[in-house]
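The values are calculated or read from the model by the stated rules, or taken from the named source; none is laboratory data. Just so you know, these numbers come straight off a predicted model, no measurement behind them. Here Cβ is always computed from backbone atoms with ideal geometry, including for glycine, and neighbour counts include all displayed protein chains. Heads up: the accessible areas ignore ligands, DNA and RNA and are worked out on the full protein's heavy atoms, side chains in. Shrake-Rupley method; radii C 1.70, N 1.55, O 1.52, S 1.80 Å.
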Amino acid sequence: MKTKRSLLITLSAIILLAAGLLSFKVLDTRLYYSHLEEYLSDHTITDDVYLYRGNASRILLSPTDDPSSVNAILPSEMTEHVYIGFDHFDTMVLDGKKLHAGEDIADLIRSSESVSAQFLAPRGEVLFDGQISFYCLDTLPTLYITTSENAIDIINNTEDDPSVEKPRIEGRMTIVNADGSTDTSDDIVLSKRGNTTFFGYEMKPYNMNLNSPMSLLGMPSGRKWALKANAMDATQLLRNEAAFAASRVGKLSPCPETRYINLYLNGRYNGLYMLSQRVDAKELMGSDSSLDSMNNTLNTPSQMLSSFDETIDDGIQIHGIDLPNEPSDVSGEYLLELDYRYEDEPCYFVCGEPIVVHSPEAASRKELTYIAEKYSAAREAVASDGDYEKYIDVDSFVKMYIIQDFFSQTDIDFASFYFYLGHDGLFHAGPVWDFDLSCGMTAGDPYHEELTRRSRLFVSQKRSCVFLDMLDDSDRFMQKVREYYLDDFSKSYAGYMDSEWKELISDVSTSLDISCLYANISESGRTSLDSAEGLSGWIRDRDEYLTDYYSSSDEYINIIFHFAWGTTAAAVKKGEPLGFLPDDAHPGNDDAFWGDITGFVDSNGDPVDDGYTTSSDTDLYAVYTEDSYAWDSYSLP
C-alpha cells in the first residue's frame, strides 16, 4: 500500500512538474513573441542580422527600397569563414539551407548574386521572407568607425547655419588591410566637412581628428584627416585623385596624400571614400606656424575669443581676432584660401576678392594688416603686368594655372583655391584641393561635354581667381605656361596615366561599382562622369586638344558663349566649323528656372548653327524661350 502511495505521489509530482514546465514554456514562448513583436515594430532584420569573421567588427545588412530585399556588403578582408549572427530570431533558411546563429555561410556567398532568405520563429513561423544580395569588396582597406548610438545621426543632421556650432562626436576608428591585418587604431573626434557635398547628398563627407598624430596606410603622420565621399557621380573621387596626381607629377608642393578606403559606420557599409591629409593640417605644410606659437604664448585662451572688423588703407576690409598682445614680427608663413563664404570664417580680408586666413588660426589685427597689404601690392603688380616676380612664385602659379585649366575646374573663382605666403616672402600657389566640379561637372550637374574638352577657363571667367585671371593676360606668363605644358607636364602626366592611374582604376573598380549601387548613382549621359574609363578618355582628349592648342595657339580663336547666368568660352581653329552649340552648357540652364535655349545668335543678332565659322574672337548669345525668366532678365544684341 505504501509502495502504491509512493508511486502515486511520484507520478503526481512528475505530472505537476511537466505541467509547470509546459506552462513555463508557454509563458516563455508568449514572452518571446511579445518581445519579438515589440522589437519588430521598431526594427527590421538589418538591425538584428550581422556577419562577422573571428573578432572582427560586425557587418550589418544594408536596407534597400524594397522591404523584402537587403544587401550584405562584405569588406575586403572577409573572404572566408564568414559567420552569420542574429539575436531575435531562432533560425534562418538561406538558399534552402537551415542555419542557426554562429554558422559559417561562406560557401553560400556568391558576389553580386541574390539568394533566398527566411528568418523563423521557434514554432517555425516565417518572420521575414525575401532575399539577401551579397556584394564582396576587394583590394581596398576598410575603415571602421564606431560611435555611441545615434551619434552619426547627430552629425548628419548638422544645421546649415554657420552661426550654430557644428557637433563633434567621439568614437574609435580601426583600419584593416585587405589581408586582415590591422593598419592603425585610435580614438577620434568626428564632425561634418564641406558644404554642398555635405548638405546636398546622403553620403556625407567627414573630418576625422585622431587622438594623436599617426601614419595612416603609409601616409605621413598626422592628426587631422578628411573623409571625402563619392556621392555626386561615379568619378567624383577619381577627378580629385587625377588633379592631386597632376600636382605630384608636376612637383607642385605641398600636395595632400590620399588613399581609397571602404567606410563602415557602426558596422554598416557607407560607401567608397577618399582618406586624405587635410589642407589645414600642419603636417601637410611641413612646419608649425611660428605665428600661431607666438600668439598662443603671448595670449591666454580667454584673450583669444573677441573678434574685430575694420577697414584699413585702400578700402581693404580685415576681420580677425582682437588679440591684446601681438608679436613684434608678423612675417612668416600664412595659409590662405579664396572663399566667397568668407563671412562664416573667423579670420579673413577682402581686397578685390575675399581671402580666408587659415594660418595663423587666430590672426591678429597686425598680422591681417601685414598679409592684406602684401596681397594688395602683389595684385597691383600682376594687374599691371609689372614686376610681379617680386611678389609671387611664378613657377608654382604656372603649374597651378595648368592644373586648373586642364581639368576645367569651374569652382576656382568661388572657393577651395589655396595659396600661401612662404618664408621667402613670395606667394605660392597650392596645395591643390577640391576638384569635385571639374572634367565636365559643375554645380552638381553635367557640363556640356564637347565644351569642356575645348574650354578656355580663364578667357571668360574674369571674376578674380587669385592672380590667375590677370596672369592669363600676361604674355611672358603664358609663354611659360606653353613651354611647361609642352616640354614637361604633358609627357609626365601621360606617363602617370599609363602606369599608376591604370593600377588605381583596377584597384578601385569593384568598390566603385558597389558604392555607386549603394548611393543610387545613375548615369548622367556624360562619359567623363559615368565611368573610370570615360574619365580616362576625357583626360586623353583634353591633353590632345591642349597639346595642339599650345603648339599652334596663333591658329585658334576664342568663342565666348553668353547666357543669362554668365559666360563660358572655348577655343576653336580659325575657319573651321564650330562643331557644337552648348545649349546645356551649365546647370544655370535649368528649364524650371531659366527656360529652354532655342538657339544662338552672333553680335549682329543673326542666327548661327554648329557649322558656324569665323577667323576672329567671337561672342555668341543664347536665345531663350519668350515665356522664360531668362527672356526677361537677359538682353540679346
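Modelling each spin label as a point 7 Å along the Cα-to-Cβ direction, I'd like the Glu544/Asp602 distance in nm, to one decimal.
The modelled label-to-label distance comes out at 2.9 nm.
P(r) of the chain in 10 Å steps, Cα pairs, percent per bin?
In whole percents, the pair-distance histogram is 3, 13, 21, 22, 17, 11, 6, 3, 2, 1, 1, 0, 0.
Label-point separation (nm) for Ser552 and Ser148, each offset 7 Å from Cα along Cα-to-Cβ?
With each label placed 7 Å out from Cα toward Cβ, I get 6.8 nm.
So who's got an amide H within less than 5 Å of the one on Thr258, skipping anything under 5 residues away but keeping other chains? H placed 1.01 Å off N, in plane.
none
Within a Cβ distance under 11 Å of Asp411, other residues only, what is the Lys/Arg minus Asp/Glu net charge?
-4
Which of rounded, prolate, oblate describes the range 316-446, given a ≥ b ≥ c as roots of the alpha-carbon gyration tensor eigenvalues and a/c under 1.5 marking rounded, otherwise prolate only if a/b is larger than b/c?
oblate
One-quarter of the Cα convex hull surface for the range 188-285, in nm²?
6.5 nm²
List the GluC sites (Glu not before Pro) in the range 194-257 that DSSP assigns to loop (not H, G, I, E or B) and whose Cβ has at most 12 other Cβ atoms within 10 Å. Which are they?
For GluC sites (Glu not before Pro) across the range 194-257 that sit outside H, G, I, E and B with at most 12 neighbouring Cβ atoms in 10 Å, the list reads Glu202.
Per residue of the range 222-232, in order, report the coupling 6.51 cos²θ - 1.76 cosθ + 1.60 (Karplus, θ = phi - 60°) as ³J(HN,Hα) in whole Hz, putting x for Gly and Pro.
x, 9, 9, 9, 10, 10, 8, 8, 9, 10, 7
What is the set of long-range amide H partners of Phe417 at a cut-off below 5 Å, with H atoms built 1.01 Å from backbone N?
The list, which skips near neighbours in sequence, is Leu338.
Whenever you get a sec, compute what percent of the accessible area on the chain sits on carbon and sulfur atoms (1.4 Å probe).
47 percent
What is the distance in Å between the Cα centres of the range 503-552 and the range 223-248?
Their Cα centres are 13 Å away from one another.
Within the range 230-273, list the trypsin sites (Lys or Arg not before Pro) lying in a DSSP loop whose Cβ has at most 13 other Cβ atoms in a 10 Å radius.
Hits after loop and neighbour filter: Lys251.
Taking amide H positions as placed 1.01 Å from N in the peptide plane, with prolines and chain starts having none, which residues 5 or more places from His358, or on another chain, fall under 5 Å of its amide H?
Answer set, sorted by chain and number: Leu335, Leu336, Glu337.
Calculate one ³J(HN,Hα) per residue across the range 183-190 by plugging θ = phi - 60° into the Karplus curve 6.51 cos²θ - 1.76 cosθ + 1.60, and present them in order as whole Hz with x for glycine and proline.
Computed from phi, the couplings for the range 183-190 are 7, 8, 8, 6, 6, 9, 10, 10 Hz.
In degrees, nearest 10, range 0 to 90: what is the angle between the Cα axis of helix 532-551 and the longest Cα principal axis of the chain?
The angle comes out near 10 degrees.
Label 7 Å along Cα→Cβ of Gln479; the range 392-410 residues with amide nitrogen under 20 Å?
392-402
Working from Cα positions, state the angle (0 to 90°, nearest 10) between the long axis of helix 475-484 and the longest principal axis of the chain.
On a 0 to 90 degree scale, this one is about 50.
Over the alpha-carbon set of the range 81-158, divide Rg by the Kirkwood Rh and report the Rg/Rh ratio to two decimals.
1.07
Provide the FRET efficiency to the nearest 0.05 for the Glu576-Glu125 pair, computing r from the beta carbons and using R0 = 60 Å.
With R0 = 60 Å, the Cβ-Cβ based efficiency is 0.25.
Tell me, in nm to one decimal, what length is gained between Glu202 and Thr300 on full extension, where the rule is 0.36 nm per residue of separation less the Cα-Cα distance?
Gain in length upon complete extension: 31.2 nm.
Ranked from highest to lowest mean number of other Cβ atoms within 10 Å per residue, what is the order of the peptides 190-196, 155-161?
The densest-packed peptide leads the list: 190-196, 155-161.
Where does each of Met294, Met203, Met285 land when they are ordered by accessible area, with a 1.4 Å probe and the largest first?
Met294, Met285, Met203
Could you do me a favour and compute the accessible area per residue for the range 270-410, 1.4 Å probe, result in Å²?
Solvent-accessible surface per residue comes out at 39 Å².
For the range 385-521, what are Rg and Dmax over the alpha carbons, in angstrom?
In Å, with Rg to one decimal and Dmax whole: 17.1, 54.
Can you give the FRET efficiency to the nearest 0.05 for Ser615 and Leu517, using r as the Cβ-Cβ distance and R₀ = 56 Å?
Computed FRET efficiency for Ser615 and Leu517 comes out at 0.65.
Spin-label point model (7 Å from Cα, Cβ direction): what's the Phe593 to Lys97 distance in nm?
Computed distance between label sites Phe593 and Lys97 equals 5.4 nm.
HN-Hα J couplings of the range 342-354 from phi, Karplus 6.51/-1.76/1.60, θ = phi - 60°, integer Hz, Gly and Pro as x?
4, 5, 7, 9, x, 9, 6, 9, 10, 9, x, 8, x
Take Ser331, project a point 7 Å from its Cα along the Cβ direction, then tell me which residues of the range 352-372 have their backbone nitrogen under 14 Å from it.
370-371, by backbone N distance to the label point.
Cα-Cα over 32 Å: which of Lys228/Lys574; Lys224/Lys502; Lys228/Lys251; Lys282/Lys366; Lys224/Lys399; Lys251/Lys390?
Lys228/Lys574
Tell me the mean residue ellipticity at 222 nm calculated for the chain from its helices only (DSSP H runs of n ≥ 4, each -39500 (n - 2.57), averaged over every residue, nearest 500).
-9000 deg cm²/dmol
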